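The values are calculated or read from the model by the stated rules, or taken from the named source; none is laboratory data. Note that the structure is a prediction, hence the values are computed from the model and not measured. With ideal geometry, Cβ positions are generated from the backbone for all residues, glycine too; neighbour counts draw on all protein chains shown. Note: accessible area is taken over every heavy atom of the protein model, side chains too, but ligands, DNA and RNA are not part of it. Shrake-Rupley method; radii C 1.70, N 1.55, O 1.52, S 1.80 Å.
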Amino acid sequence: MTLAHPLDDEAALLAHWSDLTPLWYLQQIEGKRPDLLGLFPPDPASVIQPWLEAGKSLYLAAPLNEYAPDLAQRFRVTPWGKLVRILLPEQDVSCPVQSRTVDTPASWPFAVMSWDVDPTLSSDVPGTLRFCWQARDDLPPDTFLSLRLRWQEGDYQLNLNQPLLPEWLPKGTIPAGEEGLAVTSIRLPLGTPSGAYALELTPFRLHEDDSVEQFPGVEPIALGQATVDPALEFRRAALGDETAPVVPLTAGPLALRAWRVSDLPVRPGDPVQVEMLWQVRERPTEPMTLSLGFRIARGGRLATQPVVMPLSMPENAEPGTLVRTVHAVPVPHGRGDASYWIEPRVQTSGRQLPWIPTWRLLIGQVRVTDRPHLDAQAAGASTIASFDELADLAAFQLEPAAPRPGDTLNLTLFWHPLAETSQSYSVFVHLVDKEGRIVAQHDGVPADGVLPTSIWVRGEVILDPHALSLPADLPAGQYELRAGLYDPASGQRLPISGSPGVVNGDYVSLGEVNLMPQ
């Protein structure tokens, strides 16, 4: 990690002696970074202050335990990738990245001042993204970065998440105006498709309980492009935790060299991610498809109809080229825990290509754990509207009864699923004035993102809360509350029926809200 940091010559690393031992090994055994020095003990008066006053750079490389507890009070400390840069109080931060700039939206908690990335990435040598930033607001210590690589020739995406701040930063919240450096190592899985990739960056918060919180109003920013070189050599050492058979499994022009099935917990209806590493044996001459089915672990019966999708190889792929494909397939709906094997099949021209040397291939066992279901209807519930035969809106609750400007309007919708779907729809709730203008709204996946429509089960009841923040300057008077479902990808709303409050067939009116004067 030290080698990936843009440290200047004759820089020193400050740490406890036990944490400096790897630096000694790096220098004495591997002969790398002989220019770096390790300083110990981390004493402010006799070590840190004289070193900095001599005009040399100093970086905190690990927690100091009980040493220098007032480090952040006596010196300027700023995040520097995985390290912490230590400066004299009057020193300015000098950003080592000067190549590219990007307009950072005002909603972001920090501004990206400049950035660069290795021009060519591969699965053989990790690449590096570096950017300098300045905090606009106080940054919490649990701020994380999401770097997405989007394949411009298809829908392949690679997400890399890492903390923005080093875990041993000797202070909590980063104050507004503070500057720092972020360094992200881009390790591409073996077989990542070659081509031009768009780089997208998004900050978010990851709490100690592993819950994710988005910064309000923050959207990804496009940094630019990076080029990925093709991988032509299969190496087991580069696979990590993937499964690779000793004898490659072949299906027509392709060999399946390895695969990985996500081991994250899944509920009935949840998607499970399947990664497959193919090696081109000969150039495909016909379009191919891949089907992924779920077979019940006990008995081997096929639980649902397989999901069929195109299986695309890069044009003019030379024999030996490695190609990774990533698929998200929903596990079967229903109630109760279950265990499945995933069965892949390759087809071309309407015929199935046999696996050789096996006649049936089962990969990755998926264990499904059911969630609690609410079966009792809400008190006094009756159908308000039906949404495209997917679900009934059975009832709703609204608090407070007499809201005022600046209040939060808490709405709970009670959904009654009529059918099961693999589509995840979003709910919108709008408060509109007499001219139909939206004055407050809340959109999102049902139940605060916990219960998407793709895992709803016929016959249950879904409690779906929404909080609408009312503007403090909103005039008193009568407003209308509306709700509906829509496809977040296309924006298309689901048609509804069965209510006298339906307008234009794509939302339901939940009645008037009387806003009291402040």
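Quick look at the numbers
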| read-out | value |
| --- | --- |
| Under 5 Å, built H, 5+ apart or other chain: amide partners of K32 | Q27 |
| Whole-Hz couplings from phi, Karplus 6.51/-1.76/1.60, listed for segment 128-138; x for Gly and Pro | 9, 10, 10, 8, 9, 9, 9, 5, 8, 10, 5 |
| Most to least packed among 228-241, 247-260 [average Cβ atoms within 10 Å] | 247-260, 228-241 |
| Under Karplus coefficients 6.51, -1.76 and 1.60, residue-wise ³J(HN,Hα) of segment 11-21 in Hz, glycine/proline x | 6, 10, 9, 9, 6, 5, 4, 5, 7, 8, 4 |
| Tensor-based shape of segment 1-104 (alpha-carbon gyration tensor, a/c under 1.5 rounded, otherwise prolate or oblate) | oblate |
| Lysines whose Cα lies under 21 Å from that of K82, excluding same-chain neighbours fewer than 8 positions away | K32, K56, K171 |
| Net dipole in debye of segment 226-326 [+1 Lys, Arg Cβ; -1 Asp, Glu Cβ; about Cα centre; nearest 20] | 480 |
| Calculated FRET efficiency for the pair Q49/Q27, C-beta based, R₀ 35 Å, to 0.05 | 0.85 |
| Ranked packing of 203-215, 42-54, most packed first, by mean Cβ within 10 Å | 42-54, 203-215 |
| Rounded, prolate or oblate (a/c below 1.5 giving rounded, otherwise prolate when a/b exceeds b/c) for segment 193-328 by Cα gyration tensor | oblate |
| Under Karplus coefficients 6.51, -1.76 and 1.60, residue-wise ³J(HN,Hα) of segment 289-302 in Hz, glycine/proline x | 10, 10, 10, 10, x, 10, 10, 4, 4, 9, x, x, 6, 6 |
| Accessible surface, segment 225-371, averaged per residue in Å² (probe 1.4 Å) | 51 |
| Dipole in debye (nearest 20) - segment 1-109, about Cα centre, beta carbon charges: Lys, Arg +1; Asp, Glu -1 | 240 |
| Built amide H within the under 5 Å cut-off of L311, gap 5+ | M288, T289, L290 |
| Amide H contacts under 5 Å for V266, placed H, 5+ residues apart | T369 |
| Cα-only Debye scattering, segment 388-452: base-10 log of I(q)/I(0) at q = 0.21, 0.22 Å⁻¹ | -1.03, -1.10 |
| Cα coordinate range in segment 106-178, projected on the principal axes (Å, largest first) | 40, 28, 20 |
| Cα convex hull volume per residue for the chain (Å³) | 207 |
| Net lengthening on full extension, E66/D118 (0.36 nm per residue, minus Cα-Cα) | 14.9 nm |
| Relative packing of peptides 349-361, 267-279 - highest average C-beta neighbours within 10 Å first | 267-279, 349-361 |
| Relative frequency of Cα-Cα separations exceeding 25 Å in segment 63-202, percent | 33 |
| Point-to-point label distance, A489-F144, nm (Cα→Cβ direction, 7 Å offset) | 2.5 |
| Cβ-placed point charges (K, R +1; D, E -1), dipole of segment 175-218 about Cα centre in debye, nearest 20 | 320 |
| Under the Debye formula (equal points on every Cα, no solvent term), log10 I(q)/I(0) of segment 311-432 at q = 0.13, 0.21 Å⁻¹ | -0.84, -1.37 |
